[in-house]
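See structure below.
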Amino acid sequence: MRAATARFVIVGALVFRSSLALAQGAPASSTSAPESPAPASSPAAGPAPAPASGPDTLPPPIAGTSTDVEREERANLTGTPNPTALGGAPGDDFRFSTHGYFRAPLRVGIGKRPACGATQKAGTAINGVPCAGPGQSTTNVHSPFLPDDQYLDWRYTRQWEQDWTEVFLNYGNSHVVGTVGFQAYNLTDAGFNDTNAQLGIAQGFVTVTPDLGLSTVRIKWKVGSFWEKYGQAGKYDAGHYDTYLFGRTHQIGESLAAEADAGDFTFRLTHGIGAKLEQVAAGTAPTVGAPGFTLLDHVHAGVSYKKTVDANLHYLVSWAQDARATPTTPDGKIAVAGGEVRVTGGVAGEFYAGYSHVSAQNAGAVGPAIEVIHSLGGGGHQTGNGLIDNYLGPCTMCAPADVGTGSIDTVELAYDYSFGLLYRKLKDPRASFWGDGMDVTLGLFGLYSAVSSKDTTFDGVKKLKYGADLVFNALSWLGFGARADIVEPTSKDSTQAFWVVSPKILIRTKFLTHELITAQYSHYTYKSGVTPQPPNNGYPPDEDVFGVKATMWW
């Protein structure tokens, strides 16, 4: 607490100094009525600005008052622009802006329904599937029965993403922005009105970016309820597997980030504290076996060189010492540590490598303050699968103190290459290219996890998945591609492995834009032990899936 208090004093002094400097240099106020804030301008077409490790020539910046320390905020799950960015306005008036993202996929699974025998009634189960009688087709059409479309599962491949929407409303100026975020999945007009999927006002926070009077030093202070995201293999998002190698935090608290330039180097340091509140309805106390009040502490340090090499170290820890949830068992703790490096080599391509070590003790008592490698906290709560569900196992024969205890070591690799950039560099070594023309891109990626657990069934399990994504952007409005993934969820049972190949068509209004429509077909090949996600895990998984997906960000 002393360290936190000292930080607050330092931040207050910096803000006061900045405000005083601005006041001393400000012109006399006008007696006329202030102008109305100008409408927020649209972000420039094309990808968001690169993080500090990006190439020397950056794409057009998002409109607003971005600083380098904010660029990491642009790389998030959905690929949306910085949710706190503001549009331009006369002077530095307070003004309003909005940013958002939605993904709306039609997904159709094609399964097989066996025909009933001569003496069998319609609906008689054959290998777990109701047989087809008179007037019933043997082709079964439904929402896909797949093993890899649940985000909170290590098998997730991002081949068939489900719907998601988020909208951020902002009000502020270049030094302070207030943000409220609305989030939801399961678009209700097209499906069942599941109120649990409507997350409502999920985030609300203030971002302070004072002018320190130093062009080489920047700070950003966020206070409230907000996400922080660490360990993203993608340049602008969480990569081909949408994985947070070190964690995405879910908490209410604060985070202070500082960034300083020293010649060709940029140094970064971030520290945050917060809490994930009890996972029970308001006015209800947590009970034994449910996560209690969970604290979060995290620190991150990084350095980049000439926007070409970017290296970072991370440490996050969440813990619960709530007697209501753990009256007889040890306090719970989940810690994540590791490092990552990104190399942006221009014509040589872009490479990412990261390693994380997750350790857990009585993880079931820990709330989902950290979402890491597709797991929310320890698990066993209403927010979905956690470390116990995905890695450590229920340990039904263990002593209570050993349940949810173990570790996971994970390595993620990704490599992305643009043949369009190579072609242009061969023609003119000084050429730059940001995807605003014909291009062929290739992505190679893989994820490996090794589990150590008190549960002997899960102890020693090795998990491996890898794939490739090839895209040919032939015209400004049309592209073609194909993606393939091989998934081996456990080294102890090879029958759970599967692979998938997916040709796709990409439609947009121009090369660099804010929308994308994807038409895709996938063919899966399964070994005998593969089951789809609940509640359809009693059925065989679908071999064929097709659909069309609309995506847009602003």
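A few remarks follow.
- Full-stretch length increase - residue 321, residue 282 - with 0.36 nm per residue and alpha-carbon distance subtracted: 12.1 nm
- Note on residue 554 and residue 357: their simple-model spin labels are 4.7 nm apart, each label 7 Å out from Cα toward Cβ.
- Karplus-derived HN-Hα couplings along segment 304-315 (A = 6.51, B = -1.76, C = 1.60, θ = phi - 60°), whole Hz, x at Gly and Pro: 10, 10, 6, 6, 10, 10, 10, 10, 9, 10, 9, 9
- Euclidean distance between Cα centres, segment 104-165 to segment 437-473, Å: 26 Å
- Backbone N within segment 252-276 under 17 Å of label point (7 Å from residue 299 Cα along the Cβ vector): 254-259, 268-274
- Cα gyration tensor shape for segment 194-255, rounded if a/c is under 1.5, else prolate or oblate: oblate
- Taking all Cα pairs closer than 8 Å and separated by 6 or more residues, the relative contact order of segment 258-362 comes to 21 percent.
- Order of 106, 256, 316 - criterion: other Cβ atoms within 10 Å of each residue's Cβ, fewest first: 106, 256, 316
- Each part gets one Cα centre, and for segment 166-231 versus segment 329-406 those centres are 24 Å apart.
- The alpha-carbon atoms of segment 124-238 define a convex hull whose volume equals 171 cubic angstrom per residue.
- In order along segment 317-326, phi translates into HN-Hα couplings of 9, 10, 8, 10, 10, 9, 4, 5, 8, 10 Hz, rounded to whole numbers, per the Karplus curve 6.51 cos²θ - 1.76 cosθ + 1.60 with θ = phi - 60° and x for Gly and Pro.
- Once backbone amide H atoms are built at 1.01 Å from N, residue 228 has 249 as its partners under 5 Å, excluding neighbours fewer than 5 places away on the same chain.
- Sequence-separation-based contact order of segment 83-135, relative, with Cα cut under 8 Å and 6+ spacing, percent: 23 percent
- Label-reachable residues, segment 476-507, where backbone N falls under 11 Å from a point 7 Å from residue 112's Cα toward its Cβ: none
- Calculated FRET efficiency for the pair residue 347/residue 411, C-beta based, R₀ 35 Å, to 0.05: 0.85
- Summarising the amide proton neighbourhood of residue 326: residues at separation of 5 or more, or on other chains, whose placed amide H is nearer than 5 Å comprise an empty set.
- Residues with amide H under 5 Å from that of residue 184, placed H, sequence gap 5 or more: 165, 199
- For segment 126-202: relative contact order, % (alpha-carbon pairs under 8 angstrom, 6 or more apart): 17 percent
- Charge dipole (segment 296-424, unit charges on Cβ, about Cα centre) - positive-most of 405, 304, 314: 304
- Net length gained if the chain between residue 509 and residue 399 were fully extended (0.36 nm per residue, minus Cα distance): 33.7 nm
- Note on residue 436 and residue 137: with the Förster distance fixed at 45 Å, the Cβ-Cβ geometry gives a FRET efficiency of about 0.45.
- Computed FRET value (nearest 0.05) for residue 217 with residue 543, which takes r as the C-beta separation and R₀ as 41 Å: 0.10
Rule-based calculations on the coordinates, nothing more; no lab input. Predicted model only: the values in this text are computed from it and were never measured. A quick note on method: Cβ atoms are made from the backbone with ideal geometry, for glycine too, and the neighbour counts reach across all protein chains shown.
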